[in-house]
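Asker: I have a structure here, written as structure tokens, and I will follow up with some questions on it.
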Amino acid sequence: MNGKAAGGDEEEYGRIKGVHLVPEEELYTSGHRTCEGCESALTMRQFIKVAGPRTIVTGSTGCMYVANTSYMSTPWEVPWMHTQLGAAGPSAVGTAAALRALARKGRDSKEKVNVIAFCGDLGGADMGLSGISRALQTDYDLLIILYDNESAANTDIQATGLTTWGAQTTFTPTGTVDRVNRASMRWKKNVAAMLAVGHPNVKYVATACATYPPLDYMNKVKKALAIGGPTLIHSLDPCPKGWDYHPRYSHELGELAIRSGIFPLWELTNGVLKYSYDARKSRKPVREYLESQGRFSHFQQSDFEYVQSVVDEMWEEWEVPGVLPLRLSAIKSVK
Ligand code: SF4
Ligand code: MG
């Protein structure tokens, strides 16, 4: 992962250096019906603050569609389109292609229009993965934001490929025979790294959390839009309903996820990797993060130890810590 960090210069994309410099204009306003403490709503609010009014947003089915577009009401102050559950990628490509066609015909203004497509973990990392992959192989300017609340939350908290190992969901309840449901015994899909490594033409891929470190997510959105081409941000969004905690602790849970290292925070700019929080240097025990959520209330000592051991392995043994689970030293060539 070496190369020139073109477009990665902080001055070049106008990094927001203080909270007082965050745009005041609200383009995701009142009128939504997300739960109290919903971090995905914050993810929406912050990206459109940074992107500004000259933005077209497409959103695939999920909480941020259902809760945001009740009949005749919406919080979006910019053009917004609902698209099918797995269609974040294709809807972004179609919108960007239409803008390019208008430009070719001289029927738009010269000022850039941002195209942002959002999708949930089910819609993006499971069902819509192929469509996102295709979008990342185009040369259109588009940003895909995968907001990850670790469940299909709008249909009552079913497990997805991004749900944490062992979590209780309506698909993976605890039971008397299997305390940890067998279907929940797989590690969270490493989706951002998979998409970054699989699409070397993409100039910017990042993971993020809307609250920690402060301003980090908004600056990543700003940077992705400035760099251009197809780009992707995967955000971890604590969800009080699905994760079962008091809504007042959403921010704390996001911070704990990052500082425990269970959700690695990084950005890849033109092949150059930078940790936004380097969990190799210090990590909080992951137990603190897990014990704060009701979905892990069935965990026993061995479960905490197992999750901690995989987090430690990610940071201490992976060839690219927290990002790529390769062990290059173990590769043998055929003689
Ligand atoms: Fe937000 Fe979770 Fe409620 Fe959906 S279920 S609106 S993601 S808090
Ligand atoms: Mg979800």
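Results for (1) loosely packed, with under 14 Cβ neighbours inside 10 Å; (2) free of Cβ contacts under 8 Å to residues at least 60 places away in the same chain; (3) farther than 17 Å from residue 225 by Cβ, shown as yes or no for each residue.
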site: 37; (1), (2), (3): no, no, yes
site: 85; (1), (2), (3): no, yes, yes
site: 88; (1), (2), (3): no, yes, no
site: 91; (1), (2), (3): no, yes, yes
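Asker: Does residue 60 satisfy the condition of being within 16 Å of ligand 1 (Cβ to nearest atom) and either surrounded by fewer than 13 Cβ atoms within 10 Å (Cβ to Cβ) or modelled with pLDDT under 90 (or both)?
Answerer: Judged against the criteria, residue 60 is not a match.
Asker: List every residue pair whose Cβ atoms sit under 6 Å apart, with the two residues 6 or more apart in sequence or on different chains, where the first one lies in the range 198-218 and is basic (Lys, Arg) and the second, anywhere, is modelled with pLDDT of 95 or more and crowded, with 18+ Cβ neighbours inside 10 Å.
Answerer: Within 6 Å, the pairs are 203/227.
Asker: Give the residue, chosen from 31, 14, 3, that is under 16 Å from residue 215 (Cβ atoms), modelled with pLDDT under 95, away from ligand 1 (no atom under 12 Å from the Cβ) and surrounded by fewer than 21 Cβ atoms within 10 Å (Cβ to Cβ).
Answerer: The unique qualifying residue is 14.
Asker: Consider residue 77 carefully, then state whether it is modelled with pLDDT of 95 or more and on the phi > 0 side of the Ramachandran plot.
Answerer: Judged against the criteria, residue 77 is not a match.
Asker: So residue 150 fits all but one of (1) touching a residue at least 60 places away in the same chain (Cβ under 8 Å); (2) more than 25 Å from residue 42 (Cβ to Cβ); (3) part of a loop (DSSP other than H, G, I, E, B); what number is the exception?
Answerer: Status for residue 150: all satisfied but (2).
Asker: Looking for whichever is touching a helix residue (DSSP H, G or I) at 6+ places or on another chain (Cβ under 8 Å), on the phi < 0 side of the Ramachandran plot and polar (S, T, N, Q) here; the options are 300, 293. Which one fits?
Answerer: 293
Asker: Still on this structure: Out of the range 24-39, which residues are within 16 Å of ligand 2 (Cβ to nearest atom) and outside any loop (DSSP other than H, G, I, E, B)?
Answerer: 39
Asker: Right, next: Looking at (1) surrounded by fewer than 17 Cβ atoms within 10 Å (Cβ to Cβ); (2) part of a helix (DSSP H, G or I); (3) among the aliphatic types (A, V, I, L, M), which is the one condition that is false for residue 42?
Answerer: The failed condition is (1).
Asker: So, in the range 122-153, exactly how many residues are within 16 Å of ligand 1 (Cβ to nearest atom) and hydroxyl-bearing (Ser, Thr, Tyr)?
Answerer: 2
Asker: Still on this model: Could you please let me know if residue 159 is within 16 Å of ligand 2 (Cβ to nearest atom) and either over 26 Å from residue 306 (Cα atoms) or out of contact with any helix residue (DSSP H, G or I) (no Cβ under 8 Å at 6 or more places or on another chain) (or both)?
Answerer: Here the answer is no, as residue 159 does not meet what is asked.
Asker: Something else about it: When the range 63-79 is examined, which residues are found to be without any contact (Cβ under 8 Å) to a residue 60 or more places away in the chain, among the hydroxyl-bearing types (Ser, Thr, Tyr) and within 16 Å of ligand 1 (Cβ to nearest atom)?
Answerer: Across the range 63-79, the qualifying residues are 69, 70, 73, 74.
Asker: Could you please find all residues in the range 257-290 being part of a helix (DSSP H, G or I) and farther than 30 Å from residue 229 by Cβ?
Answerer: The answer is 259, 286, 287, 288, 289, 290.
Asker: Filtering the range 292-316 down to residues that are among the acidic types (Asp, Glu) and closer than 14 Å to residue 187 by Cβ, which residue is surrounded by the fewest Cβ atoms within 10 Å (Cβ to Cβ)?
Answerer: It comes out as 313.
The values are calculated or read from the model by the stated rules, or taken from the named source; none is laboratory data. The structure presented is a predicted model; accordingly, all values stated were derived computationally and were not measured. Backbone-built Cβ (ideal geometry, glycine too); neighbour counts: all protein chains shown.
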